[in-house]
Each structure stands twice: as C-alpha cells, then as structure tokens.
Amino acid sequence: MTRPSLATHSRFAQRVRRRYEAELPLLAPGVPDPAQLQATFEALLGHGHNMANALRITRQLVVLRLLCLDCEQQLPLAQVTQAMTDLAEFALNHALTQAQAELDQMHGAPLTARGQRAQLWIVGMGKLGARELNVSSDIDLIYVYDEDGETVGNAQGRNHISHHEYFGKVVRAVYALVGDTNEHGFVFRVDLALRPNGNSGPAAVSLDALEEYLHVQGREWERFAWLKSRVVAPFDSVTSGA
C-alpha cells in the first residue's frame, strides 16, 4: 500500500493547490532555478497577470514545490536556501527594472556629473547576503546609489528631481512590488532597518553618505553586519562588478 505524501497533510499545500490549480504546471519539475523562475513568471504574465501578482504567484508555486521536495525526497537544506535566495534576487531585479523604467518616464534618468546614468545597488544583508534564506525569511536590504545629482527631466524637459528623491521613489516602488500584501500574499517581507540611522534614515543613501556614517556614527554591530553583505540587484552590476 502506497503511503500518501506528508505534503498532502499541509494546509498550506492544500490551499495553494486549490487556489492555483491552473498555474501549477507552469513551474517545471525539479528544484526551482533562475531559468525556471523566469519561464514561470513570463507564462503568468502571458496569462494576464500583472507583475506584482505574477511575482507573488511564482513565490506560492516555489514554496509549494520546496515543501513537496522536502517532505518526499528530503531535499538538502542548502538547495532550499539557494532556491529561496534565487527567488529573492529574481524578484528584486524585476521590480528594480520596472520601478526605474516608470520613474524615468516621469522624471528622466538620473545622471552623474560625467553624464553617465547614476547607479543604484540593492545590497542584501543577513541571510540574503549569505544565501541562507528559508521559506519564512524576510529580506534585509540597504539601497545605495553612487552620487548625488539631478534627473534630466521627462520628454518635455520637466519634472527634474534630485537623485535623493528619485531613488527614494524607486525604493518605495520596489517595496510595493515585492513587500506589499495583496490577494496573492507577498513575495518577501522587506526590512530596511539596517540602513544608516535605521528606520529614521533615508530610504536610499549615497556612497559618500554611507562612508561618512560608518566612519563617524556607525556602531560596531552595524559594521559587522556588512560582513554578510553583497549586491543582489541589478544583475548587470552583479555579473560585471560595476
């Protein structure tokens, strides 16, 4: 007699299977990897879901898959944490791209004194930085941009704003796409408390301001926290080191 899978007793698994029965086949078999995440996400967009919902449904499918593999095949913990880390990086990169594209239309691109696009980096701290996310982890983030300045304005040459304002808006837009809860849940809970001055500090900080803070005001534990830090978005910066 075949014993039923332990996963069938999970209320979470039962709920996800009922709610997303039509979407379950969109995630290819096996441990989810970045290529599978991309394929699932694109399929969900093709089915009419907006980006926020597609990211959330992708998360539901990934967590269900990991639950089943853990219960049925004793999936190693390292593969669980890698899959969840891949999901976080995937979601943050798509959210960042979308947020900057929308803000560029409204305010134009942020430019440095050399006329190049100012860069924003999302730094993963803690478990995200160490690639140790589990299925219930939140993500600790710090947003850092290269230098202060002003955007070039929209197509009509209007709506110039400072980099401080622009990147602050980016942070809020990324949070809405990743951290807000809607009918499909959230992608990840987001914690920005490790940024300079904690929850009272600016949402995004320039490199100069970050350096000054760590030298002048940063406490030892804040400096130690950076031992587990790494840039997780945008992917171009991760792969090129720029």
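The values are calculated or read from the model by the stated rules, or taken from the named source; none is laboratory data. Since the model is a prediction, treat every value here as computed from it, not as a measurement. Glycine gets a Cβ as well: all are built from the backbone with ideal geometry, and neighbour counts include every protein chain shown.
Considering each residue of the stretch 71-84 in turn, at least one proves to be modelled with pLDDT under 95, over 24 Å from Val232 (Cβ atoms) and surrounded by 14 or more Cβ atoms within 10 Å (Cβ to Cβ).
Of all residues in the stretch 168-212, those satisfying the criterion of being closer than 18 Å to Ala88 by Cβ, surrounded by fewer than 18 Cβ atoms within 10 Å (Cβ to Cβ) and charged (D, E, K, R) are Asp180, Arg189, Asp191.
Given the structure, is Ala35 hydrophobic (A, V, I, L, M, F, W, C) and closer than 22 Å to Phe235 by Cβ? So Ala35 passes the test. Scanning the stretch 124-171 for residues that are of a type in the set (Val, Ile, Thr) and under 16 Å from Val231 (Cβ atoms) yields a count of 5. In the set (1) over 14 Å from Asp104 (Cα atoms); (2) touching a Phe, Trp or Tyr at 6+ places or on another chain (Cβ under 7 Å); (3) not aliphatic (A, V, I, L, M), Phe186 fails one condition alone, (2). Looking at the stretch 85-104, which of the residues that are farther than 15 Å from Leu37 by Cα and among the aliphatic types (A, V, I, L, M) is surrounded by the fewest Cβ atoms within 10 Å (Cβ to Cβ)? In this case the residue turns out to be Ala101.
Among the residues of the stretch 105-134, those identified as surrounded by fewer than 17 Cβ atoms within 10 Å (Cβ to Cβ), of a type in the set (A, V, I, L, M, F, W, C) and in contact (Cβ under 8 Å) with a residue 40 or more places away in the chain are Met106, Ala109, Leu111, Ala130. Scanning the stretch 57-92 for residues that are part of a helix (DSSP H, G or I) and either at positive phi or within 12 Å of the chain's Cα centre (by Cα) (or both) yields Arg59, Met84, Thr85, Asp86, Leu87, Ala88, Glu89, Phe90, Ala91, Leu92.
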